[in-house]
Structures are given as C-alpha cells and as structure tokens.
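Quick note: the coordinates plus some simple rules give every number you see, no bench work behind them. Worth saying up front: this structure is predicted, and the values here are computed from it rather than measured. Don't worry about glycine lacking a Cβ; one is built from the backbone with ideal geometry, like all the others, and counts go over all protein chains shown.
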Amino acid sequence: MTGGRAACRPVCVQCLRAACACACLRQPGVPVRCAVELLILQHPREQREAKGTARLLHLAVSGSRLLVGERWPGPPPGDLRRELLLYPPTPGDAALPATPAIDPAWLQSPPSIRLVVLDGTWRKSRRMLYDSPWLQGLPRFSLDAPPPSRYAPIRRARGQGQRSTFEAALLALQALEAEPRALDALWPVFDAFVHSQQRGG
C-alpha cells in the first residue's frame, strides 16, 4: 500500500478487467459466428462493472458490435438489416408508443436480421429506450418463459424474467437462428465467467 490506497492493478486491454476474464473465452468453438447480426448498446456506467457480461458476449460472438452511449437518436451506421429490439413488452406504458409487430417473414431469414440489445440496469436500459425514438420504433423480440438464470449465483435479478445481457442475448439468438445448437458453445463461456466471479474474479 502507498498512502493508504492499494496500488492499481493492470487492466486487460481486451476484456477491460483488472481480473482478466479472457480465460473464460478459451472454450472450443469460440468465438461463434451467427447469421443474425448482434448489436449491443451499452450504458457508459456498465463499462467497468465487474459482473457485467456485455463485453464478454461481444468477444464471444464474431462480427458483433459493442457501442457505448446513453442516448441513441438514430441507428448507428450499418447495412440495411431488419432490426429487432430485445426488450420485454411494456403494455399500458403511456410514455411509449405502440410497438410495431414483427413481420413473420423476417424470422424466415436470419441473415437479414440485426438484434439490438441494451446493456444496463433495468432503470438505465429503460431510460435509453425512453430517450430514443429510433429504439421505440423497432419491433420487439422478447423471451418467452426463459430457463432459470445461470447468473443467479453472483447477481440476483430484480424481476423473475430478467436475465444478464449475455444470457438474454444468447437465448434470443438461439430462438432466431436456423441452427440454434451451433451457439451451444457459448454457454460454457458464460458458466466459466460466473465461476470465476464466485471465486473472486
């Protein structure tokens, strides 16, 4: 110690953690390439969150994009894919317009889809949605009766259906992909991360 404070530990430039999480990615078949494009919009306060999973997800899914910001007035530059927002229904919320329906034909062509995922606490992600007409105008994709959370040992969800960013995005991708079993290699990545957090990083 110097001056009553512990010396700063080096931070990995890839996973941005003092306790490097890159070892969690050393699993067979990782990174995985998806037909569906994954776009993760991360709230700035989540960048250094020790138990956050968005960057791990980004590193595990080849071709994914991770962008950081609080407000998204319009879509980031990209090709003309059909965008779906991973977000639960908000019936009766007068602050939000009616959600457009998903065209069933979209789901027949996974390579034409971009899944947009918000990374933040429930309050932060809701504010990101409220502040963005673009996000509000996207059709919603929500998880129907997801399996029990694997994240529970390190962070308790506030709502029964809430999942970590990694879990929610992976479940959504598996529901959208034509070959969902191809993404099974990502579950050991997540389980290794949870185990490392249980051991103290």
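Descriptive notes on the structure:
- The stretch 174-198 and the stretch 48-69 have Cα centres separated by 14 Å.
- Rounded FRET efficiency, nearest 0.05, which uses the C-beta distance separating His195 from Leu80 and R0 of 41 Å: 0.50
- Relative contact order (%) - the chain, alpha-carbon pairs under 8 angstrom, separation at least six: 28
- Rounded, prolate or oblate (a/c below 1.5 giving rounded, otherwise prolate when a/b exceeds b/c) for the chain by Cα gyration tensor: prolate
- Take the Cα of Gln14, step 7 Å toward its Cβ, do the same at Arg65, and the gap between the two points is 2.3 nm.
- Taking every DSSP helix (H) stretch of at least 4 residues in the chain, weighting each as -39,500 (n - 2.57) and dividing the sum by the residue count yields a mean residue ellipticity at 222 nm of -6500 deg cm²/dmol.
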